[in-house]
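Below you'll find the structure, written out as structure tokens, and then a few comments.
The values are calculated or read from the model by the stated rules, or taken from the named source; none is laboratory data. In this text, all values refer to a predicted model and were calculated from it rather than measured experimentally. Neighbour counts run over all protein chains shown; Cβ positions are idealised from the backbone, glycine included.
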Amino acid sequence: MADVVDDLSKAQQAEFVPPAEKRSPVKFIVLAMLVIGIAAGVWAYNHFRDRVSSDDAQVDAHITAVAPKIPGTVLEVLVKDNQPVKAGDVLVKIDPRDYQAKVEMARAALRQAESQLNTAQTVVPLINLTTQSGSSGASAQLADAMAELDRARLGYEQASTSEIAVAQSKIRTREASAERARADLARMKPLLDKAEISQLQYDAYQAASRVADSELRGAQEELAAAQQNAGIRKAAIAAAQSKVSMAQAQVEEALANRKQVDVRKAESGTASAGVEAARANLAAAELNLSYTTLVAAVDGVVTRKSVEPGVIVQPGQGLMTVVQLQDVWVTANFKETQLANVHSGQRAEIGVDMYGRTVTGHVDSIAGATGSRLSLLPPENATGNFVKVVQRIPVKILIDQTNGLTLRPGMNVDATIFTK
């Protein structure tokens, strides 16, 4: 029993170690781990304090839809799915026969309109010269008629005044002479009967009386002729007035004919407008004809091809898309709490999941609204059940160096922005 107790006491003495000697390795280990943790924390702080990262990022690019502008039957498809193309390469051909016929019709209409315009432009000078000549002739005839009217009026005034007055004066003179001759003859008759004068002297008085009567009748006839001439001159005035009226009517007709020049000029303007309209129709027909050949607008890769020869297509129908792999960027959705120090131009690093490698870039711009606000059904927080959720804002990052990697739209990437 004593041996057992001695062995036990020896074992306890062997296991017993002073506290200082037993805890010294633990303290070193803890201290080392503490130092390592502090160093790791300092390194992590220094490493991550000037950068923000997001794994909610994708590659984006310009995707150009290829669609016809005109209806028609597809004649030929010259590309395959996922085939690289250059800008200007022919992709699809639509049957052009209907549109070619419309172009020919438009050309014929243009030639007809140009012919009408040439005719109208030729007629205008001809009508201008013709009507101008007619107007000048009518004006000259009117002037002649007016001059003739003036002459007729002058002749009538002369005939109705001076000639009749002269004739009347002659009649009075001849009447006086005839009365004196008859009186002398009457006084000589008793003297002849008494034989106080000779028969010869009496015959002389008798002849003088007959001469005076004859001169009186001549004066009376001259007065009648003067009066008749005045009537003729008055009739001439009426005839001249009639000619003046006719000449005035011709002048008015000539002036009316001159208005045909304006009418023809208006017709020429209409024909000119018709030519412009025909040219526009021809240009539209040629444009539609050019739409029968669909070409690539940009360099890229054809994808989602859904057209085959013989298919009838409609305007706006999607036939294929061309993706521009040479111009890509990254859209990274960062938390709103990460963007306080982010601005355009900052360096960025993009990790590509597909290759396990990184490419470099820089921040181009920050979206003007959060992704949820720009979604199809934005959240409505006015109903009273608002729960505050950290929002994400899209940031556009341009690629500076792809390092030979091909980035395709939709690929997942990790984006890191260096704020300093």
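I'd like to know if the stretch 331-342 contains one or more residues that are assigned to a loop (DSSP other than H, G, I, E, B) and polar (S, T, N, Q). Scanning the stretch 331-342 turns up at least one residue that is assigned to a loop (DSSP other than H, G, I, E, B) and polar (S, T, N, Q). Annotation: of all residues in the stretch 275-304 being in a loop (DSSP other than H, G, I, E, B) and surrounded by fewer than 19 Cβ atoms within 10 Å (Cβ to Cβ), the one that is farthest from the chain's Cα centre (by Cα) is Arg304. If you check Gly361, Gly410, Gly351, Gly371 for being in contact with a Pro (Cβ under 7 Å, 6 or more places away or on another chain), under 15 Å from Gln58 (Cα atoms) and not basic (Lys, Arg), only one passes: Gly371. For the condition farther than 30 Å from Leu142 by Cα, of a type in the set (S, T, N, Q), part of a helix (DSSP H, G or I) and without any contact (Cβ under 8 Å) to a residue 24 or more places away in the chain, what is the one hit in Ser214, Ser177, Ser209, Ser242? Sole residue among the options that is farther than 30 Å from Leu142 by Cα, of a type in the set (S, T, N, Q), part of a helix (DSSP H, G or I) and without any contact (Cβ under 8 Å) to a residue 24 or more places away in the chain: Ser214.
Would you confirm whether any residue within the stretch 339-356 is within 39 Å of the chain's Cα centre (by Cα) and either of a type in the set (Ser, Thr, Tyr) or surrounded by 15 or more Cβ atoms within 10 Å (Cβ to Cβ) (or both)? No, there is no match, as no residue in the stretch 339-356 is within 39 Å of the chain's Cα centre (by Cα) and either of a type in the set (Ser, Thr, Tyr) or surrounded by 15 or more Cβ atoms within 10 Å (Cβ to Cβ) (or both). May I ask you to verify whether Glu104 is at negative phi, part of a strand (DSSP E or B), of a type in the set (Asp, Glu) and at pLDDT 90 or above? In short, no.
Restricting to the stretch 313-325, and then to whatever is part of a strand (DSSP E or B) and touching a Pro at 6+ places or on another chain (Cβ under 7 Å), can you tell me which residue is nearest to Val92 (Cα to Cα)? Residue satisfying both the conditions and the ranking: Val313. Among the residues of the stretch 357-387, which ones are at pLDDT below 75 and among the hydroxyl-bearing types (Ser, Thr, Tyr)? Answer for the stretch 357-387, where residues must be at pLDDT below 75 and among the hydroxyl-bearing types (Ser, Thr, Tyr): just Thr383.
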